[in-house]
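Okay, structure first, notes after.
The values are calculated or read from the model by the stated rules, or taken from the named source; none is laboratory data. Please read all numbers here as calculations on a predicted model, not as lab measurements. Here the Cβ positions follow ideal geometry from the backbone for every residue, glycine too, while neighbour counts run over all protein chains shown. What goes into the accessible areas is simple: the full protein's heavy atoms, side chains included, and nothing from ligands, DNA or RNA. Shrake-Rupley method; radii C 1.70, N 1.55, O 1.52, S 1.80 Å.
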Amino acid sequence: MSGLTLRAAASVRSPQGRAPEGVPAALDYFRDLLTPFGEKPDEELLSRGPHVYHRDLVDLLVADEGVGRSRPELAIVAHALPDVVPFTAVAPHLTEQLGGRAVNFAIGQQGLAAPFTALRIASAYHRSGRAAEVVIAVLEQTTLPTPFPLPQETPLTDSAAALVLGASTGEGLGFVRAHAAGSAAAALGRELGEDGTLLVLGPWVTEDVPDHGAVHRVAPGRYCTSLWLELADHWQEWQRDHRRIVLCDTDPRSGRSHVALFAAA
């Protein structure tokens, strides 16, 4: 069976938030969660956040025509930061709006590795014949109960990206593989060197990487959505101008670097 090819994509940046709601119940939850670790929720921090829920981000992504008309057999939500109020199942909400028949689940607790894991899972489902079409939604909201430590103290903004992937029709940008290593140079070692390759570096890659001609650097301001926002915005122009797209970012918390390769079908 042929691999998955990118068919449509959508991005959302800094959407309108909502008035804080459900904060008292959420605070009780976070107190129970954090107290055993000697911490407590910051009520002021939680109240002044933008309050963009994961389901709000999903609704905005599905409003895009290319995403909204998809009828996938598999729907994956990937996120590095938790939802504002952690009492909702967002993957079923995404599935309900896309025909209601997809196997669905979320991937979290992996930092910015989550979307790369989602791509590997989607590819495996497709190869096994269980999913002719897949939707991956990468979500990031920034209303948190405690300060989120990042080495560079970069302020984060709410954002989301969706990728619709389906069976190859003989053209387009196909997913090839995703993998990780202890450094960006090591992760990129097997992917660079071929003509027609565009290297897309996320904002958390701060080390020197192998020399390469065509490089697109992503601006800071996001944690796990950075690469996928750029791919959603530029994939059609990139596939016209390049034969291979290599996306790379380094998780600032774990130090591990992650790479995904897309290539002309």
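The single residue among Phe37, Phe30 that is farther than 26 Å from Pro220 by Cβ, surrounded by fewer than 18 Cβ atoms within 10 Å (Cβ to Cβ) and among the aromatic types (Phe, Trp, Tyr) turns out to be Phe37.
Rundown of residues vs (1) within 30 Å of Ala26 (Cα to Cα); (2) in contact with a strand residue (DSSP E or B) (Cβ under 9 Å, 6 or more places away or on another chain); (3) assigned to a loop (DSSP other than H, G, I, E, B), yes/no style:
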| site | (1), (2), (3) |
| --- | --- |
| Ala124 | no, no, no |
| Gly129 | no, no, yes |
| Pro147 | yes, no, yes |
| Leu163 | no, yes, no |
| Gly166 | no, yes, no |
| Thr169 | no, yes, yes |
| Ala180 | no, yes, no |
| Val200 | no, yes, no |
| Val205 | no, yes, yes |
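Residue pairs whose Cβ atoms lie under 8 Å apart, sitting 6 or more positions apart in sequence or on different chains, and linking a residue in region 172-188 that is touching a residue at least 12 places away in the same chain (Cβ under 8 Å) to a partner that is of a type in the set (Val, Ile, Thr) and part of a loop (DSSP other than H, G, I, E, B), are Ala184/Val205; Ala184/Val209; Ala185/Val209; Leu188/Val209.
Taken over region 171-201, the criterion of being open to solvent by less than 30 Å² (accessible area, probe 1.4 Å) and more than 18 Å from Gly213 (Cα to Cα) is satisfied by Gly172, Leu173, Gly174, Phe175, Ala178, Ala181.
The criterion of at least 1 residues that are in contact (Cβ under 8 Å) with a residue 60 or more places away in the chain, under 20 Å from Phe175 (Cα atoms) and open to solvent by 20 Å² or more (accessible area, probe 1.4 Å) is met by the following strands (runs of 3 or more DSSP E) wholly inside region 207-265: 257-264.
Quick one: in region 132-145, which of the residues that are in a loop (DSSP other than H, G, I, E, B) and β-branched (Val, Ile, Thr) is farthest from Ala8 (Cα to Cα)? Per the stated criteria, the residue is Thr143. Of all the listed residues (Arg222, Arg217, Arg190), the sole one being within 30 Å of Pro20 (Cα to Cα), basic (Lys, Arg) and out of contact with any His (no Cβ under 6 Å at 6 or more places or on another chain) is Arg222. Reported count of residues in region 34-61, each being part of a helix (DSSP H, G or I) and either in contact with an Asp or Glu (Cβ under 8 Å, 6 or more places away or on another chain) or touching a residue at least 12 places away in the same chain (Cβ under 8 Å) (or both), is 13.
Do we have Pro145 as at pLDDT below 95 and open to solvent by less than 20 Å² (accessible area, probe 1.4 Å) here? Please lay out each step first, then the result.
Working: at pLDDT below 95: yes; open to solvent by less than 20 Å² (accessible area, probe 1.4 Å): yes.
Taking the combined requirement at face value, the residue satisfies it.
Per the conditions (1) crowded, with 17+ Cβ neighbours inside 10 Å; (2) in contact with an Asp or Glu (Cβ under 9 Å, 6 or more places away or on another chain); (3) modelled with pLDDT of 90 or more, the sole criterion not satisfied by Ala132 is (1).
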